[in-house]
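A quick write-up on the structure given underneath.
The values are calculated or read from the model by the stated rules, or taken from the named source; none is laboratory data. Keep in mind the model is a prediction, meaning the values are calculated, not measured. Counting neighbours? That spans all protein chains shown, and the Cβs are built from the backbone with ideal geometry, glycine included. Just the protein is used for accessible areas: all its heavy atoms, side chains included, with ligands, DNA and RNA removed. Shrake-Rupley method; radii C 1.70, N 1.55, O 1.52, S 1.80 Å.
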Amino acid sequence: MSITLTINGEEHEVEAAPDTPLLWVLRDHLGLTGTKYGCGVAQCGACTVHVDGVPRRACVAPVGSVAGKAVVTIEGVSGPEADAVREAWTELAVPQCGYCQSGQIMSAVALLKSRPSPSDDDIDRGMAGNICRCATYVRIRRAIKQAAGEGER
Amino acid sequence: MSRWLPCALLMLAIGCDDCGEDEPEPVADPLPGTAGLRSVADFADIADEEARSVALFEEMGKVLTHPRCVNCHPIGERPLQRAGEPHQPHVVRGEDGHGAPGLPCASCHGESHFRTVPGNPEWHLAPAEMAWEGKSLAAICGQIQDPERNGGKDMEALLEHMESDALVAYGWDPPEHLEPAPGSQALFGQLARQWAATGAHCPPEPTGDVEGPAEASEDEVSPEAGEASAPTEKAE
Ligand code: FES
Ligand code: FES
């Protein structure tokens, strides 16, 4: 069936069964491949997007459930937190292979939106659902603190 | 009993119809037992009212100590999942029970089940003061009647929570790979009403050195056996 989605501010008409994972639609139907497929079962965070401002694992979000909502992916994330995260991530060269990083960034931006000055505990808790197989966790933590304006440079 | 005092005061103050001077109404139209949970009618021949009340609560305990209920009433800040394993990933209750900033429950748990991920529009954890993972039935029984530890509920509100809350309902309607709580929510609600109507008595604390979650035994215990068979099996 035809479903209307708003992704990064743009409307898209897609032909998909409503129980198709949003991740499939983003990557395969719309070519938005910045959002990654890691586990497919809500265990790794690689597929994190924002739906109406709330982080959402796209691999377990049926596309029908986001019709009419505002979906933001790594390609479109914007605003002061996203800018600060981009800058910190680049400056500290956070990514190793990079595979997990779009998910890490989407979670980091969501964390900073609700906790502008996150403590180490806040970072542990807010980022607990994002796995990095290259173990860039130390740099991720530093970059989040830097983005919050608190990190050592 | 003193637990009725707030109810009585409320009645005096606002003329509450639901919590009159009478104790809660006994269940008039008992549902049949189903799916491992017995009917209110199965307890009718326990002559002593207190023993009947305790037996009814022990039957309710099959539900209260089932993983579908306990997993979201964890003692720590991390929920449990499946048969009671720590939730993976390591998520936490957060300030409002809806998860941590940056990782709300709704990141994964949508409005309905999706494959193996359970969903419910209300998905969240019970507050820490309402945690009963690992507690005895006696302790749970005292706790759920205490407004300080049950979210400020009087008995009627507690009964309504058990018989009609939409997230409590999830316990009987999980995704296919998860075992539902015994019985049905309607039957559980009847047991709870009958328990309240018989004085809301609690089982005694288990004796001996048994620690850990107490629950009603899987084996059928005849209602006559009534008084608190100290149940000790850990929920699967
Ligand atoms: S791909 Fe969605 S959480 Fe791993
Ligand atoms: S940078 Fe390689 S998986 Fe995270």
Q: Post the alpha-carbon centroid distance, the range B:131-192 to the range A:101-153, in whole angstrom.
A: 37 Å
(Q) I'd like the accessible area for A:Lys36, computed on protein heavy atoms only with a 1.4 Å probe and all protein chains in place. Round to 10 Å², please. (A) 50 Å²
Q: Compare A:Leu32, B:Leu125 by solvent-accessible area with a 1.4 Å probe and give them largest first, with all protein chains kept in place.
A: A:Leu32, B:Leu125
Q.
I need the semi-axes of the equivalent ellipsoid of chain A: take the C-alpha gyration tensor, multiply each eigenvalue by 5, square-root it, list largest first in whole angstrom.
A. 28, 15, 13
Q. Within 10 Å of each Cβ of A:108-115, how many other protein chain Cβ atoms are there on average?
A. 3
Q | Alpha-carbon Rg/Rh ratio, for the range B:128-168, with Rh computed the Kirkwood way | A | 0.96
Q | Dipole magnitude (debye, nearest 20) for the range A:98-153, charges at Cβ of Lys, Arg, Asp, Glu | A | 180 debye
Q: Over the alpha-carbon set of the range B:53-206, work out the extent along each principal axis and list the three values in angstrom, largest first.
A: 45, 29, 27
Q | Whole-number D in µm²/s for the protein assembly as shown (Stokes-Einstein; Kirkwood sum over Cα pairs; 37 °C, 0.692 mPa s) | A | 142 µm²/s
Q. From the phi of every residue in the range B:103-117, what ³J(HN,Hα) in whole Hz does the Karplus formula 6.51 cos²θ - 1.76 cosθ + 1.60 yield, where θ is phi - 60° and glycine or proline is x?
A. 9, x, 3, 5, 4, 10, 8, x, 6, 9, 4, 9, 6, 8, 9
Q: With a 1.4 Å probe and every protein chain left in place, tell me how much accessible area A:His29 has, in Å² to the nearest 10.
A: 90 Å²
Q. How many angstrom lie between the C-alpha centres of the range B:59-119 and the range A:35-67?
A. 18 Å
Q. Rounded to the nearest 5, what % of the DSSP beta bridges within the protein assembly as shown are antiparallel ones?
A. 90 percent
Q) With labels modelled as points extended 7 Å from the Cα through the Cβ direction, what inter-label distance (nm, one decimal) is found for A:Asp19 paired with B:Arg115? A) 1.2 nm
Q.
Can you tell me which lysines have their Cα less than 28 Å from the Cα of A:Lys113? Leave out same-chain residues fewer than eight positions away.
A. A:Lys36, A:Lys69, A:Lys145
(Q) Using a 1.4 angstrom probe on the protein heavy atoms only, could you order B:Arg68, A:Arg139, B:Arg82 from most to least accessible area? (A) B:Arg82, A:Arg139, B:Arg68
Q) What ratio of Cα Rg to 2.2 N^0.38 Å holds for the range A:80-151? A) 0.94
Q) Using heavy-atom solvent-accessible surface (probe 1.4 Å) with all chains present, what is the largest-first order of B:Ser136, B:Ser164, B:Ser184? A) B:Ser164, B:Ser184, B:Ser136
Q. How big is the convex hull of the Cα atoms of the range A:1-50, per residue, in Å³?
A. 76 Å³
